[in-house]
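The values are calculated or read from the model by the stated rules, or taken from the named source; none is laboratory data. Everything quoted here is computed from the prediction, not taken from an experiment. Here Cβ is always computed from backbone atoms with ideal geometry, including for glycine, and neighbour counts include all displayed protein chains.
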């Protein structure tokens, strides 16, 4: 999108606006034409770009890994097989280090989260103007955000999924009484029954806050880091409209930030995966 016809604030606002589909104030359904219209659509609005790109990279992940798995051979692996096996070994090692229980779901879940989050984050390395420019030229959409992990709806959706799995296995492994006991009988304990009863609401408040904080921190950590990274790329892109000198400086700065951002992309995927493993381990562990 050219910055010669709009102000810098309009340019930033445009690149931070999702392609949103929902019900307008007059009752008809359609795409929002501004950030204000998207807010008016309320809870049932869908960020189509976040859904599209997250499903696309997720589908590519499943297709590529399944293709390599079907063609896997014994002996010395080829390039793609070696690449996939190294990722699988890395995830398995992380699960062995952080998960003490027995559950065949944890390793596949960790692998899916790590690769999927990494691929969604990797979209941030695509120049900020390329895909929005293409979609506008093809008259597909006026707004297009291509980094799903910069959308809190995506990060909260994944975190809530992990949270529900944690609750399910906490109740399945420990029982309703055991899980309720964890929420009400710690961290403060007492031998006197009356004192123990008085401590129940205090313990429940502290443990409930800690429980709810898990999906919130899990989602906001990923969203905040990726949103900040995207914002820096957008600010660097504005430099290209300020003359050739600033353009050259912006190009050099963009390269340096992209190299550094690769570390952030990988680290955030690893943190999301590791915390998921830890939360699942806590669900399988009796206090």
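Among the residues of region 66-88, are any modelled with pLDDT of 90 or more, under 20 Å from the mean Cα position of the chain (by Cα), buried (at least 18 other Cβ atoms within 10 Å of the Cβ) and closer than 30 Å to residue 275 by Cα?
Checking region 66-88: not a single residue is modelled with pLDDT of 90 or more, under 20 Å from the mean Cα position of the chain (by Cα), buried (at least 18 other Cβ atoms within 10 Å of the Cβ) and closer than 30 Å to residue 275 by Cα.
Which members of region 34-47 meet the condition of being over 18 Å from residue 117 (Cα atoms), outside any loop (DSSP other than H, G, I, E, B) and in contact with a strand residue (DSSP E or B) (Cβ under 6 Å, 6 or more places away or on another chain)?
Selection gives 38, 46.
Regarding residue 199, is this residue surrounded by 18 or more Cβ atoms within 10 Å (Cβ to Cβ) and without any contact (Cβ under 8 Å) to a residue 60 or more places away in the chain?
Spelling it out, residue 199 is indeed surrounded by 18 or more Cβ atoms within 10 Å (Cβ to Cβ) and without any contact (Cβ under 8 Å) to a residue 60 or more places away in the chain.
Out of region 185-207, which residues are part of a helix (DSSP H, G or I), more than 34 Å from the chain's Cα centre (by Cα) and within 22 Å of residue 286 (Cβ to Cβ)?
Correct list: 196, 199, 200.
Please pick out the residue among 273, 226 that is more than 30 Å from residue 101 (Cβ to Cβ), surrounded by 19 or more Cβ atoms within 10 Å (Cβ to Cβ) and within 14 Å of the chain's Cα centre (by Cα).
It is 226.
When residue 123 is evaluated against the numbered criteria (1) modelled with pLDDT of 90 or more; (2) within 25 Å of residue 63 (Cα to Cα); (3) out of contact with any helix residue (DSSP H, G or I) (no Cβ under 8 Å at 6 or more places or on another chain), which criterion, by number, is the only one it fails?
That leaves (3) as the condition not met.
Filter region 118-128 down to the residues that are surrounded by fewer than 17 Cβ atoms within 10 Å (Cβ to Cβ) and either touching a residue at least 40 places away in the same chain (Cβ under 8 Å) or touching a strand residue (DSSP E or B) at 6+ places or on another chain (Cβ under 8 Å) (or both) and list them by number.
125, 127
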